[in-house]
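K.L.:
Okay, handing you the structure first.
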């Protein structure tokens, strides 16, 4: 950079070079160095009124701040960049980095920063179908997945004119819902309950191949093997027919349901957004050791809030096909209750007692016999002097255990209520 500055080549080469070096440092994970380069580029471009260079550098530093976790600065820089791009009708940038351009266009469409111009930017580099696909993706994608999605998209994209892109968003918590490119598939589209159930089962096992024999036995347990496999083929035909109607690929290497001799598989990749996957990803992140700082606690609480929001009820309500569903239903419910308890403790610590109470009540509704949740709720009530509410909870819980399970209440709950009441 020193040599370029001394050479004074003109044509804004130095300012462009600063922006490019900032982008390289950012992609290498050197965020502080990237910030220095990009801020220098922005300052120099402003001084020379080089708005096109300034626009590109603002895009780059916005991606930096989003990756760094500084959302406020990220949005500020993105808005500034889009203001410049729209006012000057910029679509090309000398310091262009495709993943950055796609991410900033996607974020602009998601948050309403000149969405039409952002879509035009994408059309300049890709095609109308791809731009439509990305626009639909922007409406549903979670904030935490945007950068990784854009990196993956740019790395795998092939502009061949016949490549139809699609994505399937599925929610398996509560009553399952499935949409393709942002359009929900209504239950009336499915020929039978088993056809939709088959898709839900494959979604739950996405990333793994499930043998046709297992599927046949799971969905048609009373039939002989030959008849069950024939029923599976018929159900698969109707399933693919619905998916094709909603523009998902059903044949070839990019088929949503991939068929091999070994069985059927829904690939866990860019074409699928599944609430269970995100729920488990967040759980894994919250399980990592963290420093005992206020900032770490805030991040942990935010992750737990997202987990709790994803859990809209028991897994795949109405689908009781196979042990896989039953086992996963209980496992995910246990994780949800654990998340509620952890998050409630953060709320108690910050004095948000009503939020803590709501969480614990929801957890107890999900698992009415959970003594640990009941104890947490008792402690919360008694810490606020709500002794009558604590007493009512204790005796209703005690009655439920004795009448429905024929077991005695945990002595910890009895001791807790005796101390305060």
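No lab work stands behind these numbers, since they all come straight from the coordinates. If you're wondering where the values come from, they're calculated on a predicted model, not measured in any experiment. Because the Cβ atoms are built from the backbone with ideal geometry, glycine has one as well, and the counts that use them run over all protein chains shown.
K.L.:
Rounded to the nearest 0.05, what FRET efficiency do residue 389 and residue 309 have when you use their Cβ-Cβ distance and R0 = 22 Å?
P.N.:
Working: r = 26 Å, r/R0 = 1.19.
Using R0 = 22 Å, I get an efficiency of 0.25.
K.L.:
Follow-up. How high is the relative contact order of the range 109-228, in percent, counting Cα pairs under 8 Å that sit 6 or more residues apart? The partial results should precede the final answer.
P.N.:
Values: 74 pairs, mean separation 19.3, N = 120.
It comes to 16 percent, rounded to a whole number.
K.L.:
Between 0 and 90 degrees, rounded to the nearest ten: what's the tilt of helix 13-27 against the longest Cα principal axis of the chain?
P.N.:
20 degrees
K.L.:
Note the listed values [x] 21.6, 66; [y] 21.6, 74; [z] 26.8, 87, then indicate which one is Rg and Dmax of the Cα atoms in Å calculated from this particular structure.
P.N.:
[z]
K.L.:
If you don't mind, there's one more thing I want to ask. If one computes the Cα centroid of the range 300-377 and of the range 69-121, what distance in Å separates the two points?
P.N.:
Centre-to-centre distance over Cα atoms comes out at 38 Å.
K.L.:
Using Cα springs under 10 Å in a Gaussian network model of the chain, which residue among 240, 261, 89 shows the largest mean-square fluctuation?
P.N.:
261
K.L.:
Could you compute the FRET efficiency for residue 31 and residue 92, with r as their C-beta to C-beta distance and R0 at 35 Å, rounded to 0.05? Spell out each step's value before the answer.
P.N.:
On the way: r = 27 Å, r/R0 = 0.76.
The pair residue 31/residue 92 has a calculated efficiency of 0.85.
K.L.:
Can you sort 371, 357, 404 by how many other beta carbons sit within 10 Å, fewest first?
P.N.:
Values: 371 14, 357 19, 404 10.
If I rank by nearby Cβ atoms, fewest first, I get 404, 371, 357.
K.L.:
I would also like to ask the following. Pairing the Cα long axis of helix 294-310 with the longest principal axis of the chain, what angle in degrees results, from 0 to 90 and rounded to the nearest 10?
P.N.:
Between the helix axis and the principal axis of the chain, the angle is about 70 degrees.
K.L.:
Compute the long axis of helix 387-400 from its Cα atoms, compare it with the longest principal axis of the Cα atoms of the chain, and write down the angle in degrees, 0 to 90, nearest 10.
P.N.:
Approximately 60 degrees, to the nearest 10.
K.L.:
Quick one: if you stick a label point 7 Å off each Cα along the C-beta vector at residue 188 and residue 175, how many nm between them?
P.N.:
So the label points at residue 188 and residue 175 sit 1.4 nm apart.
K.L.:
While we're on this one: Ranked by Cβ crowding within 10 angstrom, fewest neighbours first, how are 389, 306, 184, 63 ordered?
P.N.:
Numbers: 389 16, 306 19, 184 13, 63 28.
Ranking 389, 306, 184, 63 by Cβ neighbours within 10 Å, fewest first, gives 184, 389, 306, 63.
K.L.:
Given an 8 Å cut-off on Cα distances and at least 6 residues of separation, report the relative contact order of the range 247-399 as a percent.
P.N.:
Details: 109 pairs, mean separation 19.0, N = 153.
Result for the range 247-399 is 12 percent.
K.L.:
Only residues of the range 191-205 count here: report those whose backbone N is under 20 Å from the spot 7 Å along Cα→Cβ of residue 231, or say none.
P.N.:
So the set is 191-203.
K.L.:
For the chain, modelled as a Gaussian network with Cα springs under 10 Å, which listed residue fluctuates most, 28, 291, 251?
P.N.:
The residue that fluctuates most here is 291.
K.L.:
Before anything else, pin down the relative contact order of the chain: Cα pairs under 8 Å, at least 6 apart, normalised by residue count, whole percent. Walk me through the numbers on the way to the answer.
P.N.:
Values: 504 pairs, mean separation 38.4, N = 421.
Relative contact order of the chain: 9 percent.
K.L.:
Here's a follow-up. Considering only 405, 393, 229, give the residue with the highest GNM mean-square fluctuation for the chain, with springs between Cα atoms whenever their separation is below 10 Å.
P.N.:
So, out of 405, 393, 229, the one fluctuating most is 405.
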